[in-house]
Amino acid sequence: MPMQAKCFWGFPQCAQSQQGVSLLEILIAMAVVFLALLGFAGFSVVAHTGMSASQKMTRAVTLAQEKMEDIQREGVPPDLTGALNISEPYGSISGAPHHQRILTMTPDDPMPGLHTVTVDVQWDNGAHAISLKTYLTQK
């Protein structure tokens, strides 16, 4: 009388073997899961680093834009005869301890009556920088 296999879901291979999972199979499965988790952890570190860098860049652009708007609202000083440089060192800007902002105004550049205004923002001790430039007339 042939032996009847108790197989579920129609797998015929279970008719030949009714053994459990071996220790080697468990170790291989654990290694695969460990490697997958390690990969996800690596992606997490890369994502965090990228987010931190983009936050600093966004903050730098915002700081430059704020200063540019202040200058446009206040106008160019009427007694400006030479280049004006105003520096806000690291730690002096509220909410941005890792940023430095430098305002430069050059009168009569590129032509008489037109003044060049440049705002440079640096962060990470000068490793990164952005610059905004505009031209203003005397009010």
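Just so you know, all these numbers are worked out from the coordinates, no wet-lab data involved. What you see is a predicted model; the values in this text were computed from it and never measured. Don't worry about glycine lacking a Cβ; one is built from the backbone with ideal geometry, like all the others, and counts go over all protein chains shown.
Report, in deg cm²/dmol and to the nearest 500, the calculated mean residue ellipticity at 222 nm for the chain, where each DSSP H run with n ≥ 4 adds -39500 (n - 2.57) and the sum is divided by the residue count. Could you put the intermediate results ahead of the total?
Details: 1 runs with 52 residues, N = 139.
Rounded to the nearest 500, it is -14000 deg cm²/dmol.
Using the Cα centre of the chain as the reference point, and only Cβ charges (+1 on K/R, -1 on D/E), how large is the resulting charge dipole? Debye, rounded to the nearest 20. Before the final figure, lay out the partial values.
Numbers: 8 positive and 11 negative charges, 129 e Å.
My answer is approximately 620 debye.
Which label marks the calculated value of Rg/Rh (Cα atoms, Kirkwood Rh), given the options (i) 1.58; (ii) 1.02; (iii) 0.94?
(i)
Among bridges DSSP assigns within the chain, what percent are antiparallel (round to 5)?
Details: 23 of 23 bridges.
For the chain, the DSSP antiparallel bridge percentage is about 100.
Of T134, V21, N85, whose Cα points farthest to the positive end of the dipole of the chain (charges on the beta-carbon: +1 Lys, Arg; -1 Asp, Glu; origin at the Cα centre)?
V21
Using Cα atoms only, what is the angle between the long axis of helix 23-74 and the major principal axis of the chain, expressed in degrees (0 to 90) to the nearest 10?
10
Comparing L103, L27, L84, which has the greatest mean-square fluctuation in the GNM of the chain with Cα pairs linked when under 10 Å apart?
For the chain, modelled as a Gaussian network with Cα springs under 10 Å, the answer is L27.
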